[in-house]
Amino acid sequence: MRFENVCLESIGVCLPEEVWTSSEIEQRLAPLYDRLKLPEGRLELMSGIGQRRVWPAGTVPSGPSVASGGEAIGAAGIDPDRIGCLIHASVCRDFLEPATASRVHHRLGLSPACWVYDLSNACLGLMNGAVQIATLIESGAIEAGLVVGTENSRPLLEQTIATLCGDSTLTRQSVKPAFASLTIGSGSSAWLLVHRRLSSAKTRFGAAVATARTAFHDLCRSDQDSAGASMAPLMDTDSERLMAEGVATGVENFESFLAETGVTREQIDRSICHQVGSRHRSTMLAAMGLAPERDVVTFPWLGNTGSVALPLTLAAAARYGHLREGDHLGLFGIGSGINSVMIGCEWGRTPVAGNLPAEDPTGQRSTKY
């Protein structure tokens, strides 16, 4: 799927202020750690995640989504009436119905003629939403669209910790499926896409590809819908198989990406990947034949923020000087299901608005290619 007329005009970000370190989570898990004689520091050592952020108790996704969406609209300086589609695309949402996008649309004051709906596809939601909006722009149906999402990890973290501490039958083996839940973080991000004739940022979407290997749909699943602040979800994850099959899916889709975009591995100046953890990152980049020094990470300080992980990482890459005008970017998404979506774009001058930290918490330095 190729695009000739679509630009990423701005990125909005909203992050929680409250930080939970991996060490603090292990302290809450003291009854389990003591009983199973688990070594302290295990969580960060295995994942590479030192911190994750959480929203205040009772937060519903539409609130931060309004904030990050407003930041994107303000940074672009676009008339909200020109936005012809709003998609809310995170796993988390306010209610089963109506669409969370409805409240976001109302609070942002968008046009009654705007298409408004929710979209869900695990960690790929915002990328899927961006491709849908890009397709509408390319077809001439709309001239601008906003995709936004907010992930709220607090209910999952709290419920997982309570369950692990309260179940005396757990063993070192049976506790493994819950490990991934402890790496999840919170955050919100929005992408505003426009027709190139409206764009001053000039970050061009070039192509998008997708691969589905849904025989592996059962490797990561939540046993309850995570809509609403009162939900107490649990997640069961076969982390080893999920990583292996996810990497295989990503590698297959990457070959399609190279063919569709016409770029070589060497011509990809920056890779922006879904943020899972250190082992997943190193395995994925090696399998795709990409240089780690050209990749950007946020998982050490944000954890895995689901559908907004890649958008937040792109925002961080822009804010902290890792991107230069003219860079060829590969946006590489993988989500449970298993599905992969990848988007190629040429970076321009897209502004990032919102409350990212002033300095890159990872200490990454931009490298000359």
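Label sites at LYS37 and SER111, each approximated as a point 7 angstrom past Cα along Cα to Cβ, lie 6.8 nm apart. For region 238-369, the fraction of C-alpha pairs farther apart than 17 angstrom is 56 percent.
Extension gain for LEU45 to MET1 (0.36 nm times residue separation, less C-alpha to C-alpha distance): 11.9 nm.
The listed residues MET284, MET243, once ranked by accessible area (1.4 Å probe) with the largest placed first, stand as MET243, MET284. Do any chymotrypsin sites (Phe, Trp or Tyr not before Pro) in region 318-352 lie in a DSSP loop with no more than 16 other beta carbon atoms within 10 Å, and if so, which? The qualifying sites: there are none.
At the listed q of 0.13, 0.30 Å⁻¹, the Debye profile of region 152-207, built from one uniform point per Cα, gives log10 I(q)/I(0) equal to -0.55, -1.21. Can you give me the % of accessible surface on region 34-100 that is carbon or sulfur? Probe 1.4 Å, all protein chains present, nothing else counted. For region 34-100, the apolar C and S fraction of the accessible surface comes to 54 percent.
Taking a point 7 Å out from the Cα of GLU252 in the direction of its Cβ, the residues of region 335-353 whose backbone N falls within less than 19 Å of it are 335-343. Have a look at the DSSP beta bridges in region 17-159 and tell me what percent are antiparallel, nearest 5. Antiparallel bridges make up about 30 percent of those DSSP assigns within region 17-159. When the helices of the chain are scored as -39500 (n - 2.57) per DSSP H run of n ≥ 4 and the total is divided over every residue, the value at 222 nm lands at -10000 deg cm²/dmol.
Scaling against 2.2 N^0.38 Å puts the C-alpha radius of gyration of the chain at 0.94. In the context of the full set of protein chains, the chain has a per residue accessible area of 40 Å² (1.4 Å probe).
Each residue, GLU293 and ARG197, gets one label point 7 Å from its Cα in the Cβ direction; the gap between the two is 4.5 nm. Given +1 at the Cβ of Lys and Arg, -1 at the Cβ of Asp and Glu and no other charges, the dipole of the chain around its Cα centre is 420 debye to the nearest 20. Reducing region 75-92 and region 114-132 to their Cα centroids gives an inter-centroid distance of 11 Å.
Computed from Cα atoms alone, the Kirkwood hydrodynamic radius reported for region 1-155 is 17.4 Å. The residue among VAL91, SER10, LEU323 whose Cα reaches farthest toward the positive pole of the charge dipole of the chain, with charges on the beta-carbon of Lys, Arg, Asp and Glu, is LEU323. The distance between label points at GLN27 and ALA141 comes to 5.1 nm (points 7 Å beyond Cα on the Cα→Cβ vector). Rounded to the nearest 10 degrees, what's the angle between the helix 309-319 long axis and the longest principal axis of the chain, both from Cα atoms, 0 to 90? Approximately 60 degrees, to the nearest ten.
Filter the trypsin sites (Lys or Arg not before Pro) in region 300-369 to those in DSSP coil with at most 11 other Cβ atoms within 10 Å of their Cβ, and list the result. Display every interim value, and only then the final one.
Working: sites: ARG319, ARG324, ARG349, ARG365, LYS368; in loops: ARG324, ARG349, ARG365, LYS368.
Hits after loop and neighbour filter: ARG365, LYS368.
Each Cα pair under 8 Å and six or more residues apart adds its separation to the average, and for the chain the resulting relative contact order is 26 percent. With both bridge residues required to lie in the chain, what share of the DSSP beta bridges run antiparallel, to the nearest 5%? So the antiparallel bridges amount to about 70 percent of the total.
A protection proxy built from the mean count of other Cβ atoms within 10 Å ranks the segments 202-215, 255-268, most packed first, as 202-215, 255-268. Relative to the longest principal axis of the Cα atoms of the chain, helix 125-139 runs at roughly 10 degrees.
The values are calculated or read from the model by the stated rules, or taken from the named source; none is laboratory data. If you're wondering where the values come from, they're calculated on a predicted model, not measured in any experiment. Note that we place each Cβ from the backbone using ideal geometry, even for glycine, and neighbour counts take in every protein chain shown. What goes into the accessible areas is simple: the full protein's heavy atoms, side chains included, and nothing from ligands, DNA or RNA. Shrake-Rupley method; radii C 1.70, N 1.55, O 1.52, S 1.80 Å.
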